[in-house]
Amino acid sequence: MIDLRIKGLRFDYPDGRRALDGVDLEVERGARMALIGRNGSGKTTLLLHVVGLLDGHGEIEVCGIPMSSASVHDIRKKAGYLFSHVEYQFIMPDLLGDVMLGCSPVSSSPEEKRIKAKEWLERFGLERYHDRSPLDLSSGEMKRAALAGIMAGDAELLLLDEPLGNLDREGAEHLLSVLTGLGRTMLFSTHRRYLVEKAATHVAVMARGRIDDVVPVKKALRSPAVLELIY
């Protein structure tokens with residue numbers, strides 16, 4: 001089963017520079033794929049296309065749903081996106097309300113959403129902050145809080161842009177423990193060797209707006225070309 005299929009994806013910036021130049025990529029269900037490459041290679045631009053936040057030319061299919069203007073809402077129910085600057089992810093003034101906002105389905109009662117949100121906050125070790133502003137949390141706590149909201153929406157595919165950015169070793173280890181325990185398909189951009197070693201099942205190497213290679217993580221970690229891109 002393929003949870004993400006991308007074929008021939010191209011995207012140009014408004015100034016005419018090409019950001020994506022015919023990306024082809026498949027991510028199988030249950031895989032945790034690290035997307036690596038130099039700054040400017042197109043990693044974030046690619047991730048933004050998968051949830052319809054950018055609109056290039058090509059084919060994208062998420063959990064069996066072909067991307068279109070009519071289907072993007074359904075795709076966003078299947079795919080959850082964690083921004084690199086996670087503070088932009090929060091809308092509500094308190095953490096519980098923000099996680100409840102992510103709950104699905106729409107038909108759930110407010111009480112059912114409250115119970116589900118509390119369960120995810122507890123799972124991520126954040127229940128004691130339920131009445132606080134998400135922006136009062138540490139960087140690691142904010143990332144876990146954003147993931148709680150994503151998971152409350154029953155996301156099947158997680159798209160994570162530099163998930164260990166701005167985290168110390170303790171925060172990184174805690175987040176990794178959460179991520180690897182979720183049992184979800186993932187595509188995450190990173191420069192961090194630690195994340196690749198501990199979380200990835202596969203590595204996709206991106207350069208000049210294209211996917212140059214996709215290999216199992218053990219093979220990737222034996223490749224000098226891959227090791228030049230992570231630290």
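The values are calculated or read from the model by the stated rules, or taken from the named source; none is laboratory data. Just so it is clear, the model here is predicted, and its values are computed rather than measured. In this analysis, Cβ positions are derived from the backbone assuming ideal geometry, glycine residues included, and neighbour counts consider all displayed protein chains. Remember, those area values only see protein heavy atoms, side chains included, never the ligands or the DNA or RNA. Shrake-Rupley method; radii C 1.70, N 1.55, O 1.52, S 1.80 Å.
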Open item on the list: Just to confirm the filter: which GluC sites (Glu not before Pro) across the range 173-231 are DSSP coil and have at most 11 other Cβ within 10 angstrom of their Cβ?
Closed with: Glu228
Task: Normalised alpha carbon radius of gyration of the range 1-53 [divisor 2.2 N^0.38 Å] - done: 1.19
TODO: Give me the distance in nm between label points sitting 7 Å out from Cα along the Cα-to-Cβ direction at Arg29 and Arg128, one decimal.
DONE: 3.9
TODO: Could you tell me what percent of the DSSP beta bridges with both partners in the range 127-231 are antiparallel, to the nearest 5?
DONE: 55
Task: Heavy-atom accessible area per residue - the chain, 1.4 Å, Å² - done: 49
Task: Share of Cα-Cα pairs in the range 51-124 lying beyond 20 Å, as whole percent - done: 45
Open item on the list: With every protein chain left in place and a probe of 1.4 Å, what is the accessible surface of Asp213, to the nearest 10 Å²?
Closed with: 80
TODO: Express the carbon and sulfur contribution to the solvent-accessible surface of the chain as a percent, rounded to the nearest whole number, probe 1.4 angstrom.
DONE: 49
- [ ] Note the per residue figure in Å³ for the convex hull of the C-alpha positions in the chain.
- [x] 122
Task: Max mean-square fluctuation residue, GNM over the chain, Cα-Cα springs under 10 Å, options Arg132, Arg208, Arg17 - done: Arg17
Task: Close Lys-Lys pairs in the chain, where close means Cα under 27 Å and separation is 8 or more or interchain - done: 26
Task: Centroid-to-centroid separation of the range 209-231 and the range 46-89 [C-alpha atoms, Å] - done: 25
TODO: Count charges around Phe188 for me, please; just the other residues with Cβ under 9 Å from its Cβ, Lys/Arg as +1, Asp/Glu as -1.
DONE: -1
Task: Amide hydrogen neighbours beyond the local backbone of Met67, cut-off 5 Å, H modeled - done: Ile60, Glu61, Val62
Task: Local electrostatic count at Gly102 - Lys and Arg +1, Asp and Glu -1, tallied over other residues with Cβ under 12 Å - done: +2
Open item on the list: If I histogram all Cα-Cα distances within the range 92-174 using bins 10 Å wide from 0, what percent of pairs lands in each bin?
Closed with: 19, 50, 27, 4, 0
TODO: Before rounding to the nearest 500, sum -39500 (n - 2.57) across all DSSP H runs of length at least 4 in the chain and divide by the residue total; then give [θ] at 222 nm in deg cm²/dmol.
DONE: -9500 deg cm²/dmol
